[in-house]
Amino acid sequence: MSVATSGQGFIDITREAARFLERIGARDGALFLFIRHTSASLVVQENADPDVRTDLVTALDRLAPSDAGWVHDTEGPDDMPAHIKSMLNGVSLHIPVTDGKIALGTWQGIYVAEHRARPHHREVVLQFLGHVEA
Amino acid sequence: MSVATSGQGFIDITREAARFLERIGARDGALFLFIRHTSASLVVQENADPDVRTDLVTALDRLAPSDAGWVHDTEGPDDMPAHIKSMLNGVSLHIPVTDGKIALGTWQGIYVAEHRARPHHREVVLQFLGHVEA
Amino acid sequence: MSVATSGQGFIDITREAARFLERIGARDGALFLFIRHTSASLVVQENADPDVRTDLVTALDRLAPSDAGWVHDTEGPDDMPAHIKSMLNGVSLHIPVTDGKIALGTWQGIYVAEHRARPHHREVVLQFLGHVEA
């Protein structure tokens, strides 16, 4: 699936993931997600207070500041920090699926974390391994 | 399974994971672990010197300090740092299983990392994908 | 498979992963990678400009400096930072496989990140879950 982002921030894809499982008739197993980029990442995080996502963006900016004298700077000051953030967060994760439902915790949502300043289209590969009902 | 934590720190769940594989008759495949929380995480780390875990806690505290002016602070000063640490470490991982045994390296153990100051009960979902022997 | 490293840095194992899939006749599914160490890690990152990997090493050094007063220091000043970097990056990941090919993004490569100063041999377990063609 393709996810449109609007600059740095977290985009909730929980509903899209649930729809995918429904469409393929998934029952019990696990959902595997992979993002095909090196300046965005996949994160399972709090879905209640949006302030949490604001602070997560701030935290990542502090861990990978743009003005830190990076060697790789030809693609703009936000590019190398984006690679670092993508490395720290990771590009693959899995979530258990029980009876066709994603077994997330009460406060968990699935997010694409965009680390570049400008909008992008991010490709996320969803796969299900387990029992499927026709 | 439910893991009781006693404030910030690492809880070894390697034995519980091994027992799970034994109970279901797992042979060859992989063990998938997922923690259903956003202020705790799953980590594979050194199981020999406990000082390593002490330093890992210190390192996480330095990467996500509690007095860093977070917007989200209604749940206490340890809450937002806990979300950041959970994002950095991640909530899902897999480990290969060979002939029913977890194929961890010699010095590796599986840990639930608790990032909140107070004790919690943390739910970890264990799944096995592969060959099972009745 | 065993990966020879020559001190801190990123070693590309994308080709070896592709050969593994070919050898076993993998068709559609996912490739699972696990590194059996606590001072090295697995990373999917940019495969174009080598400066990116240089900066990733620098970034990790800043996040886990060697002179930060770690308790665990018996194995040398690079050991505890290596554990921290391994925790942040992670030791397991998966990548989708389509029609026998690793479905990496255009700019993605698979890397073993060595965090120790001296050369090591790192064991990486490759597994494929999905459809195999004899």
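The values are calculated or read from the model by the stated rules, or taken from the named source; none is laboratory data. Here the structure is a predicted model, which is why all the values come from computation and not from measurement. Methodologically, a virtual Cβ is constructed for each residue, glycine included, from the backbone with ideal geometry; neighbour enumeration extends over all protein chains shown. Surface accessibility is based on the protein's heavy atoms, side chains included, excluding ligands, DNA and RNA. Shrake-Rupley method; radii C 1.70, N 1.55, O 1.52, S 1.80 Å.
Figures for the structure shown
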read-out	value
Positive minus negative residues near B:His37 (Lys, Arg vs Asp, Glu; Cβ under 10 Å)	0
Within region B:50-134: Cβ-based charge dipole about Cα centre, in debye rounded to nearest 20 (Lys, Arg +1; Asp, Glu -1)	160 debye
Ranking by accessible area, most exposed first, for C:Arg53, A:Arg62 with a 1.4 Å probe	A:Arg62, C:Arg53
Cα gyration tensor shape for the protein assembly as shown, rounded if a/c is under 1.5, else prolate or oblate	rounded
Anisotropy class of region C:65-134 from Cα gyration tensor, a/c 1.5 cut	prolate
Simple label model, 7 Å out from Cα along Cβ direction - B:Glu123 to B:Asp61, nm	3.1 nm
Mean separation of Cα contacts under 8 Å, 6 or more apart, over the residue count of chain C: relative contact order %	54 percent
Size of electric dipole in the protein assembly as shown: Cβ of Lys, Arg +1 and of Asp, Glu -1, about Cα centre, debye, nearest 20	1020 debye
Largest-first ordering by accessible area, 1.4 Å probe, given options C:Met80, A:Met1	A:Met1, C:Met80
Charge dipole (debye, nearest 20) of region B:1-100; +1 at Cβ of Lys and Arg, -1 at Cβ of Asp and Glu	420 debye
Charge-dipole axis of the protein assembly as shown as Lys and Arg at +1 and Asp and Glu at -1 on Cβ define it, positive-most pick from C:Ala18, C:Leu60, B:Val57	C:Ala18
Accessible surface of C:His121 - all protein chains present, 1.4 Å probe, nearest 10 Å²	140 Å²
Tensor-based shape of chain A (alpha-carbon gyration tensor, a/c under 1.5 rounded, otherwise prolate or oblate)	prolate
Mean-position separation - Cα centroids, region C:54-95 and region B:11-36, in angstrom	27 Å
Reach of B:Lys101 by Cα under 16 Å, taken over aspartates and glutamates that are not fewer than 8 positions away in the same chain	B:Glu16, B:Glu22, B:Asp28, B:Glu133
Selected from A:Trp70, A:Ala82, A:Val124, residue furthest toward positive end of dipole (chain A; charges at beta carbon)	A:Val124
The protein assembly as shown, helix-only ellipticity at 222 nm - DSSP H runs n ≥ 4, -39,500 (n - 2.57), divided by all residues, nearest 500	-8500 deg cm²/dmol
